[in-house]
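Just below is one structure, and these are the notes that go with it.
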Amino acid sequence: QVQLVESGGGLVQAGGSLRLSCASSGRTFGSYAVAWFRQAPGKEREFVSAAESWVGTSTYYADSVKGRFTISRDNAKNTVYLQMNSLKPEDTAVYSCAAKRGGVTIHWADFGSWGQGTQVTVSS
């Protein structure tokens, strides 16, 4: 397991951008698959984006964010990012990063390491 700390959330108007960061304490962070999930009030946690371990490997996106969000990782800094552009009010949620050994999945229950979450609020 690794410890994860998210940052970068906040309040933004519709159409704006935010970049979330997820920093890890683990020196082997590069070997972990990483993902972002979000949970809005009264709704279930949902998959947002994921990246395989290491750099230059496959990335995955929920249809609702495809073309607007970009996941990236800097293993030298033990950090994964989520660049969010063209934000919509329906993107409002608590965003959490997660990490796991092995291959990436889109199922939150498969991930063993979680950050505390960061609030993203998009006003209309």
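Overview of results
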{"item": "Residue in region 80-96 that is small (Gly, Ala, Ser), within 23 Å of Gly42 (Cβ to Cβ) and either part of a strand (DSSP E or B) or in contact with an Asp or Glu (Cβ under 8 Å, 6 or more places away or on another chain) (or both) present", "result": "yes"}
{"item": "Only one of Gln116, Gln39 that is within 21 Å of Leu11 (Cα to Cα), within 15 Å of the chain's Cα centre (by Cα) and loosely packed, with under 15 Cβ neighbours inside 10 Å", "result": "Gln116"}
{"item": "Residues of region 1-22 that turn out to be surrounded by fewer than 17 Cβ atoms within 10 Å (Cβ to Cβ) and among the aliphatic types (A, V, I, L, M), as a count", "result": "3"}
{"item": "Residues satisfying the stated conditions in region 77-109, i.e. charged (D, E, K, R), open to solvent by 70 Å² or more (accessible area, probe 1.4 Å) and out of contact with any Gly (no Cβ under 9 Å at 6 or more places or on another chain)", "result": "Lys77, Glu90"}
{"item": "Val122 being over 11 Å from Arg38 (Cβ atoms), touching a helix residue (DSSP H, G or I) at 6+ places or on another chain (Cβ under 8 Å), open to solvent by less than 30 Å² (accessible area, probe 1.4 Å) and modelled with pLDDT of 95 or more", "result": "yes"}
{"item": "Filter result for Arg68 (crowded, with 21+ Cβ neighbours inside 10 Å and among the basic types (Lys, Arg))", "result": "no"}
{"item": "Any hit, region 31-39, residues being at pLDDT below 95, over 21 Å from Gly16 (Cβ atoms), part of a loop (DSSP other than H, G, I, E, B) and among the polar types (S, T, N, Q)", "result": "no"}
{"item": "Selection from region 59-77 of residues that are over 9 Å from Ser49 (Cα atoms) and either among the β-branched types (Val, Ile, Thr) or in a strand (DSSP E or B) (or both)", "result": "Ser72, Arg73, Asp74"}
{"item": "Filter pass, Phe47 being out of contact with any strand residue (DSSP E or B) (no Cβ under 7 Å at 6 or more places or on another chain), open to solvent by less than 80 Å² (accessible area, probe 1.4 Å) and farther than 13 Å from Asp91 by Cβ", "result": "no"}
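The values are calculated or read from the model by the stated rules, or taken from the named source; none is laboratory data. This one's a predicted model, so the numbers in the text were calculated from it and none came from an experiment. Please note: Cβ atoms are built from the backbone with ideal geometry, for glycine as well, and neighbour counts cover all protein chains shown. Keep in mind that these areas ignore ligands, DNA and RNA; they rest on the heavy atoms of the full protein, side chains included. Shrake-Rupley method; radii C 1.70, N 1.55, O 1.52, S 1.80 Å.
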